[in-house]
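Undergrad: Questions regarding the structure given below will be posed in turn.
The values are calculated or read from the model by the stated rules, or taken from the named source; none is laboratory data. If you're wondering where the values come from, they're calculated on a predicted model, not measured in any experiment. All Cβ positions, glycine included, derive from the backbone under ideal geometry; neighbour counts span all protein chains shown.
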Amino acid sequence: MFQSEIAKEEINKLEVRQFEGEIRVIEDHDTFRKEIREIRKYEVLGFDTETKPAFRKGVNNKIALIQISNSDVAWLIRVNKIGVPLELRELLEDESLLKIGAGLLDDMKRLRKVTRFEPGGFLDLQKYVEAFQIDSKSLKKMVAIVLGYKISKSQQMSNWEGDVLTEKQQRYAATDAWVCLEIYNTLRNSIHITNHE
């Protein structure tokens with residue numbers, strides 16, 4: 001039903017899309033406490049992280065941002081400013097809350113350098129897409145194959161520890177978490193469609 005691979009040339013022909021919903025940047029504890037209650041209302045969420053790039057060998061920066069998204073709202077939690085509060089750690093460990101990401105092994109490794117926790121309730125799209133005979137594992141390719149559009153990666157190497165996140169950075173970060181959820185939902189719906197044919 002889905003292509004197993006996609007060429008760069010094919011991706012280039014697709015329209016660019018990004019998250020168009022509401023973005024809430026969390027950079028103080030009061031805002032975090034208010035927003036975490038809202039986040040907790042959802043059972044399935046898109047998940048991603050951003051780290052300031054290190055341009056020197058041997059330099060590893062810590063995670064600066066955790067992105068969590070539903071279909072309409074993306075929460076950008078500035079871990080470099082507020083750390084990992086207890087309620088956030090509980091969310092990362094919560095088996096009952098499904099968090100969809102891509103390439104989660106690296107995210108978990110980096111997160112464990114910031115806080116000690118046992119990841120629970122995570123689903124990695126890189127493994128999940130195998131059941132649909134999709135061989136391409138990069139987020140950009142999975143988006144193109146499953147959703148039929150492309151996402152911009154232009155902000156990937158920007159400074160995620162800056163005083164203020166630019167509008168472009170916010171959109172980029174929100175989009176990465178949101179498309180993980182979109183891919184998951186589209187794949188799940190395709191199972192129902194196939195079963196009803």
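Undergrad: Kindly evaluate Ser152 against the criterion of being surrounded by 17 or more Cβ atoms within 10 Å (Cβ to Cβ), hydroxyl-bearing (Ser, Thr, Tyr) and part of a loop (DSSP other than H, G, I, E, B).
TA: Values: surrounded by 17 or more Cβ atoms within 10 Å (Cβ to Cβ): no; hydroxyl-bearing (Ser, Thr, Tyr): yes; part of a loop (DSSP other than H, G, I, E, B): yes.
Judged against the criteria, Ser152 is not a match.
Undergrad: Additional query: Can you tell me how many residues in segment 21-40 are buried (at least 16 other Cβ atoms within 10 Å of the Cβ), in contact with a strand residue (DSSP E or B) (Cβ under 7 Å, 6 or more places away or on another chain) and not acidic (Asp, Glu)?
TA: Qualifying residue count, segment 21-40: 6.
Undergrad: Another question, then. Can you find a residue that is modelled with pLDDT under 95, surrounded by fewer than 19 Cβ atoms within 10 Å (Cβ to Cβ) and under 24 Å from Met142 (Cβ atoms) anywhere in segment 62-82?
TA: Scanning segment 62-82 turns up no residue that is modelled with pLDDT under 95, surrounded by fewer than 19 Cβ atoms within 10 Å (Cβ to Cβ) and under 24 Å from Met142 (Cβ atoms).
Undergrad: Please count how many residues of segment 25-46 are assigned to a strand (DSSP E or B) and touching a helix residue (DSSP H, G or I) at 6+ places or on another chain (Cβ under 6 Å).
TA: Within segment 25-46, the first condition is being assigned to a strand (DSSP E or B), and the residues that meet it are 25-26, 44-46.
Subsequent filtering for residues that are touching a helix residue (DSSP H, G or I) at 6+ places or on another chain (Cβ under 6 Å) retains 26, 46.
Qualifying residue count for the region: 2.
Undergrad: Is there any pair linking a residue in segment 89-103 that is of a type in the set (S, T, N, Q) to one that is surrounded by fewer than 16 Cβ atoms within 10 Å (Cβ to Cβ) and in a helix (DSSP H, G or I), with Cβ under 8 Å and at least six apart or on different chains, and which?
TA: Nothing qualifies.
Undergrad: Residue pairs, Cβ under 6 Å, 6 or more apart or interchain, first in segment 157-186 and farther than 24 Å from Val146 by Cβ, second of a type in the set (Gly, Ala, Ser). List them.
TA: Close Cβ pairs satisfying both conditions: Trp160/Ala64; Glu161/Ala64; Gln169/Ser158.
Undergrad: Let me ask something additional. Taking segment 100-149 as the search range and keeping residues that are among the aromatic types (Phe, Trp, Tyr) and over 21 Å from Glu5 (Cα atoms), which one is surrounded by the most Cβ atoms within 10 Å (Cβ to Cβ)?
TA: Filtering segment 100-149 for residues among the aromatic types (Phe, Trp, Tyr) gives 117, 122, 128, 132, 149.
Now restrict to residues that are over 21 Å from Glu5 (Cα atoms): 117, 122.
Details: Phe117: 16, Phe122: 19.
Per the stated criteria, the residue is Phe122.
Undergrad: Still on this structure: Would you mind telling me which numbered condition in (1) over 15 Å from the mean Cα position of the chain (by Cα); (2) part of a loop (DSSP other than H, G, I, E, B); (3) surrounded by fewer than 19 Cβ atoms within 10 Å (Cβ to Cβ) Gln18 fails?
TA: (1)
Undergrad: I'm told Phe2 meets every condition in (1) among the hydrophobic types (A, V, I, L, M, F, W, C); (2) over 24 Å from Lys127 (Cβ atoms); (3) in contact (Cβ under 8 Å) with a residue 24 or more places away in the chain; (4) part of a loop (DSSP other than H, G, I, E, B) except one. Can you identify the failing condition by its number?
TA: Condition (2) is where Phe2 drops out.
Undergrad: Tell me, yes or no, whether segment 176-190 has at least one residue that is of a type in the set (D, E, K, R), surrounded by fewer than 15 Cβ atoms within 10 Å (Cβ to Cβ) and either under 16 Å from the mean Cα position of the chain (by Cα) or in a loop (DSSP other than H, G, I, E, B) (or both). So that I can check it myself, show each step before the final result.
TA: Step one: filter segment 176-190 for residues of a type in the set (D, E, K, R), giving 176, 182, 188.
Then keep just the ones that are surrounded by fewer than 15 Cβ atoms within 10 Å (Cβ to Cβ); that gives 188.
With either under 16 Å from the mean Cα position of the chain (by Cα) or in a loop (DSSP other than H, G, I, E, B) (or both) added as a condition, the list becomes none.
There is no residue in segment 176-190 that is of a type in the set (D, E, K, R), surrounded by fewer than 15 Cβ atoms within 10 Å (Cβ to Cβ) and either under 16 Å from the mean Cα position of the chain (by Cα) or in a loop (DSSP other than H, G, I, E, B) (or both).
Undergrad: Also, quick follow-up: When the residues of segment 21-54 are filtered to those that are among the acidic types (Asp, Glu) and under 15 Å from the mean Cα position of the chain (by Cα), which remaining residue is nearest to Asp72 (Cα to Cα)?
TA: Quick first cut of segment 21-54, residues among the acidic types (Asp, Glu) only: 22, 27-28, 30, 35, 38, 43, 48, 50.
Going one step further and asking which of them are under 15 Å from the mean Cα position of the chain (by Cα), we end up with 48, 50.
On the way: Asp48: 16, Glu50: 20 Å.
Ranking the candidates gives Asp48 first.
Undergrad: Looking for something modelled with pLDDT of 95 or more, within 12 Å of the chain's Cα centre (by Cα) and assigned to a helix (DSSP H, G or I) - is there at least one such residue anywhere in segment 157-170?
TA: No: zero hits.
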